[in-house]
Amino acid sequence: MVRTLTRILERKGYQVDAASNGAEALQRLAVAPYDLVITDLNMPVMDGMQLLREMSARRLHPATIVLTGHGTIQSAVEAMKLGAGDYLIKPCHPDELLLVAARLLEMKSLRREVTQLKQQLRKFDRFGEIIGTSSRMQEIYRIIEAVSQNKSNVLLSGANGTGKELVARTIHNKGPLAEHPFLAINCGALSETLLESQLFGHRKGAFTGAIEDHEGLFQAADGGTLFLDEIAEIPLPLQVKFLRAIQEKEVTPLGSTRPVRFDVRIIAATNRDLDDAVREGRFRTDLFYRLNVVPIHLPTLRERREDIPLLVQHFIKEFSQIYGVEPRHVTPDAMACIVAYEWPGNIRELQNAIERAFALSASPEITPASLPAAVAHRPDPEAAQSLGEPLPLDEIEKRNIVAALQRTGGNKNEAARLLGIDRQRLYRKIEKHGLR
């Protein structure tokens, strides 16, 4: 029968190995993977039932057909419980055997495909700390995976709150630089002199207040990654020194004549269109090309709405742990509001909205009433304030600043432009009014 079945299967194009009993079959299964096992129940040395038990114990899971006689159908049913895919009564018709074999192999192939897809989805559901399964995010994951294995400079672009620093940290942590420093600086938050000192370092006495040597971020990040946020805000005079530092891989600290060597990967980020800045002469062309070796553009949250429910569940889990409560359930109406909202502040704004729901309510559900007025599409009571006594000038100023920051998604440079003041003055007013 073994020889007959072997010939039938081989004629159909299958590659077949034969064994005279269960013990011999186990030896073959231990050496190479097999897609299908066809076994009799009654065999010397080790019968079919023992073979099935051993295969299960050793976590060997090929598709299995059991051959049985008329009087042992009950045993065949027991074999099915042990994992057999189907049984045939001897003598079986060749066409019946080929039909069952083809069906079980197709089912095995489908299960393998489903398993691979699930693994792929698990991989792309969360990439490091980045969350999302949308096609836009999967493409970004592929770029991150590739660029993390080398030291090419990367330019991240995208609106505020899209997770540029998180992407930079993921690139650093997934590659060979992970054991070395990851340092970050916001180039738009410092004056030109202070930014130069922070990047290049200074020597004691180089300027007023320089009471000791400072090595600078290029030197401190040696061997690792330096993340430069708001790179478009670097003043033009400083861009020249910055370009030379990248080209020569050395910096000269303020107050020193001796250059210091370094070896870092630069990841720069901007929420502006650097192409426009280059055309307008606000950003050096040669520096742009030095930084823009691997460009990654991060989509806004409204451009990947399919990822919003995943992010909501992530933040619910996060704030459940922070607040020490059970995870909240989001009602369908609330989720519809969340997905439909434009999210000008992107992921950061979504995170704040979920935290607000935890902070202001002990309800086990997040409903539209738990969400900010704009998200839930209801009138804002402050915006609809009735006429009364005039507001103090300080309050009007505070509200204008808040409105400008909300309109620009927290971009202080853009907010300052809308308000008609310079960036440093805006920072002072934010501090004055206690805004976060």
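Results, tabulated for the structure shown:
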| quantity | calculated |
| --- | --- |
| Contour minus Cα-Cα distance for residue 297 and residue 24 (0.36 nm per residue) | 92.5 nm |
| FRET E, pair residue 3, residue 81, Förster distance 30 Å, beta-carbon r, rounded to 0.05 | 0.50 |
| DSSP-defined antiparallel bridges as percent of all bridges, the chain, nearest 5 | 15 percent |
| Tensor-based shape of the chain (alpha-carbon gyration tensor, a/c under 1.5 rounded, otherwise prolate or oblate) | prolate |
| Ranked by how many other beta carbons lie within 10 Å on average, peptides 96-102, 344-350 from highest | 344-350, 96-102 |
| Karplus-derived HN-Hα couplings along region 249-260 (A = 6.51, B = -1.76, C = 1.60, θ = phi - 60°), whole Hz, x at Gly and Pro | 6, 7, 10, 10, x, 4, x, 10, 10, 9, x, 10 |
| Charge dipole (debye, nearest 20) of the chain; +1 at Cβ of Lys and Arg, -1 at Cβ of Asp and Glu | 620 debye |
| Computed FRET value (nearest 0.05) for residue 247 with residue 99, which takes r as the C-beta separation and R₀ as 56 Å | 0.20 |
| Dipole of the chain, positive direction: furthest Cα of 158, 427, 56, with charges on the beta-carbon | 56 |
| In Hz, Karplus ³J(HN,Hα) per residue of region 268-276 (6.51, -1.76, 1.60; θ = phi - 60°; x = Gly, Pro) | 9, 9, 8, 9, 10, 8, 5, 4, 5 |
| Residue 112 paired with residue 406, simple spin-label distance in nm, labels 7 Å along Cα-to-beta-carbon | 5.7 nm |
| Region 132-284 - charge dipole about Cα centre, Lys and Arg +1 at Cβ, Asp and Glu -1, debye rounded to 20 | 260 debye |
| Selection from 243, 257, 228 lying farthest towards where the dipole of region 203-270 points positive, charges on Cβ | 257 |
| Check: region 132-200 dipole with +1 on Lys, Arg Cβ and -1 on Asp, Glu Cβ, in debye | 260 debye |
| Alpha carbon centroid spacing (whole Å) that separates region 184-256 from region 163-179 | 21 Å |
| Projected label distance in nm at residue 395 and residue 173, using a 7 Å step from Cα toward the beta-carbon | 4.4 nm |
| Structure-based [θ]222 nm, the chain - -39500 (n - 2.57) summed over DSSP H runs of at least 4, per residue, nearest 500 | -14500 deg cm²/dmol |
| Span-like helix ranges in the chain, DSSP H, alpha carbon extent 30 angstrom or more, Kyte mean at least -1.0 | 94-125 |
| Å² of accessible area per residue within the chain, as computed with a 1.4 Å probe and no ligands counted | 55 Å² |
| Inter-probe distance in nm under a simple model that places probes 7 Å from Cα toward Cβ, at residue 273 and residue 10 | 7.0 nm |
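The values are calculated or read from the model by the stated rules, or taken from the named source; none is laboratory data. On a predicted model such as this, the values are computed, not experimentally measured, just so you know. Here the Cβ is made from the backbone with ideal geometry for all residues, glycine too, and neighbour counts use every protein chain on show. Only protein heavy atoms, including side chains, enter the accessible area calculation; ligands, DNA and RNA are left aside. Shrake-Rupley method; radii C 1.70, N 1.55, O 1.52, S 1.80 Å.
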